[in-house]
Amino acid sequence: MQVDKGPQPIGPKFTPPKDKFFGLRVRVHRKKSIALGILGGFIFFAIWEIAHYMMPEAKQRFLPSVEHVIATVYYLLAEKGFIYDIAKSCYRIFVSFFSASAIAIPLGIGMGCFANLRATINPSVSGFRYLPAASFIPLLLVWFGPTDMAKMGLLFIGVIFFLISLILDSTDAVPIELTEASLTMGASPRQVVLGVIAPAAAPAILDSMRNMIAVGWTYLVIAEIVGANDGIGAVMMRAGRFLHVDIIMAGIFTIGILGVLTDSLFRLVSRLAFGWNIPQRG
């Protein structure tokens with residue numbers, strides 16, 4: 001005979017874990033990501049502003065306030081033709097970077113596909129990565145003089161060897177099974193490289209380019225130090241001679257803004273071209 005034990009206890013209701021700020025490898029949805037980015041920028045500018053007003057009044061000119069730097073950027077644009085210097089610097093950055101990319105992309109993919117080519121070239125590329133780009137300045141000035149070619153040459157040298165190595169790694173990361181399956185189905189080596197490996201590595205290659213153009217922006221002021229009459233770096237160097245810290249910081253602020261815009265442009269291109277490769281956010 002079965003005994004009625006009455007209503008059985010019900011387990012506790014499941015509640016999803018709280019969204020912790022330091023959650024390990026959690027995915028952040030787009031709106032929250034934008035909000036956190038704005039918050040991070042606000043914190044940075046707040047610390048900058050507090051640091052300015054905490055300094056003795058006599059030394060505050062050596063750390064201008066946020067509003068002073070923004071006003072200086074506006075003054076340079078409205079009164080000093082700063083937009084021309086910005087355009088000149090952008091021209092140097094993009095021409096030198098895409099010239100480096102035109103060499104690095106086929107060479108990196110080729111080295112990732114063909115072991116003999118990799119064994120021949122990779123030791124030299126690896127060695128050049130350890131040479132500081134600034135050490136080439138005297139040589140570039142001897143070869144080209146204080147011209148745009150010397151400045152873009154420095155920007156070119158600053159990124160190409162690292163870019164080759166990153167593209168090589170991106171190509172090498174393509175699963176070998178894709179190559180073996182293509183060869184089994186009768187594809188030629190050319191078809192495998194251009195139709196299988198290169199498209200598979202393309203998202204990672206574009207991401208490598210996005211990271212390396214940021215390095216190019218960091219070399220801009222160095223490239224425009226010597227013999228430059230225009231460009232953001234030249235404006236900053238002239239300001240430094242007369243201790244115009246506000247103009248120097250306005251130049252730094254401008255480079256930062258241009259860098260963010262460049263990064264956003266690469267992300268947009270990646271999203272449009274390789275939308276299938278973007279992980280879904282929660």
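None of the figures in this text is laboratory data; all of them are computed from the coordinates on show. The structure displayed is predicted, hence computed values, not measured ones. Positions of Cβ are generated from backbone atoms using ideal geometry, with glycine treated the same way; all protein chains shown enter the neighbour counts.
Can you grab the distance from the C-alpha centre of the stretch 169-195 to the C-alpha centre of the stretch 54-78, Å, no decimals? Each part's Cα centre sits 56 Å from the other's.
Could you tell me which helices of the chain pass both thresholds, a Cα extent of 18 Å or more along their own axis and a mean Kyte-Doolittle hydropathy of at least 0.5, with helices taken as whole DSSP H runs? Write out the running numbers ahead of the final one.
Working: long enough: 30-54 (36 Å, 0.90); 66-79 (19 Å, 1.06); 82-113 (46 Å, 1.24); 115-129 (20 Å, -0.09); 148-172 (35 Å, 1.51); 198-218 (30 Å, 0.67); 245-273 (42 Å, 1.55).
For the chain, where a helix must reach 18 Å along its axis and average at least 0.5, the hits are 30-54, 66-79, 82-113, 148-172, 198-218, 245-273.
In the stretch 64-277, a dipole from Cβ-located charges (positive for Lys and Arg, negative for Asp and Glu) runs towards its positive end, and of ILE103, LEU243, VAL226 it is VAL226 whose Cα lies farthest in that direction.
Computed with the Debye formula from one identical point scatterer per Cα of the chain, without solvent, the log10 of I(q)/I(0) at q = 0.10 Å⁻¹ comes to -0.74.
Charge dipole (Cα centre; +1 on Lys/Arg Cβ, -1 on Asp/Glu Cβ; no other charges) of the stretch 64-277 amounts to roughly 260 debye. Between ALA100, ALA133, ALA46, the GNM of the chain built on Cα springs shorter than 10 angstrom shows ALA46 fluctuating the most. GNM on the chain, alpha-carbon springs under 10 angstrom: the most fluctuating residue among MET249, MET152, MET54 is MET54.
When shorter helices are ignored and each DSSP H run of at least 4 residues is given -39500 (n - 2.57), the per-residue value for the chain at 222 nm works out to -23000 deg cm²/dmol. Comparing mean-square fluctuations of ILE213, ILE255, ILE83 from a GNM of the chain with C-alpha springs under 10 Å, the top value falls on ILE83.
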